[in-house]
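The values are calculated or read from the model by the stated rules, or taken from the named source; none is laboratory data. Predicted model, so just to flag it, every value in this text is computed and none were measured. Glycine gets a Cβ as well: all are built from the backbone with ideal geometry, and neighbour counts include every protein chain shown. Just so you know, the surface numbers come from the protein's heavy atoms only, side chains and all, with ligands and any DNA or RNA stripped out. Shrake-Rupley method; radii C 1.70, N 1.55, O 1.52, S 1.80 Å.
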Amino acid sequence: MTLTAGVTMPAGVTMPAGAAVPAGAAVPAGAAVPAGAAVPAGAAVPAGAAVPAGWGPAMRLALDQARLAPNTGDVPVGAVVLGPDGTLVAAGRNEREATGDPTAHAEIVAIRAAVRVVGDGWRLVGCTLVVTLEPCPMCAGALVAARVGRLVFGAYDEKAGAVGSVWDVVRDRRVLARPDVVGGVLAAECGQLLERFFLGQRAR
């Protein structure tokens, strides 16, 4: 099932796995977006788009985003934001090469999209950020600043991770709004995607 940009999907329609949602296609409240549905980076999905229970399906949505990033030469990292009720709010992927913006990490792109849909201006209280790679210091600081309630990540980043691997920005006792953290969800799959990308880069 493919939606054309600008087309609105009727409320209550369930999108099958693999459905493509291009930028500009409206997904109304009540539409179910299961794992495998493609949501463009930076897309804002209204509260009510249902994600199956558990962190695996949400991480697979983030992996769908990550797999799109190499098309623009970007490192394959993807992220989604879930609302307080667990519904899909927004999605993002690395866009540094695509946009020339050094801050356009997957987490930042997803957070920027999410605050346009939910939250008190810029706050994402009660929301969950799901990302395929342990956040760097910039992204860890951003999710704390946005008051994200929970962070779920896939692969650990032993070189630049800021959620325990190298630094622990989000759980520093001096931070006023510390999110809950769940690490290692589908870590092998998330890590393999990165490994394949960098092997390809080195082979050039």
- DSSP-assigned coil residues among chymotrypsin sites (Phe, Trp or Tyr not before Pro) in segment 105-160, each with at most 12 further Cβ atoms within 10 Å: Trp122
- Query: Which percent of the accessible area of segment 134-204 is formed by carbon and sulfur heavy atoms (probe 1.4 angstrom)?
  - Reply: 52
- What does the accessible area per residue of segment 110-204 come to in Å², with a 1.4 Å probe and no ligands, DNA or RNA counted? 52
- Qualifying GluC sites (Glu not before Pro) for segment 78-164 [loop in DSSP, other Cβ within 10 Å: at most 12]: Glu158
- Task: Can you sort Leu193, Leu199, Leu129 by 1.4 Å-probe accessible area, starting with the largest?
- Result: Leu199, Leu193, Leu129
- What order do Arg60, Arg150, Arg196 take when sorted by accessible area (1.4 Å probe), most exposed first? Arg196, Arg60, Arg150
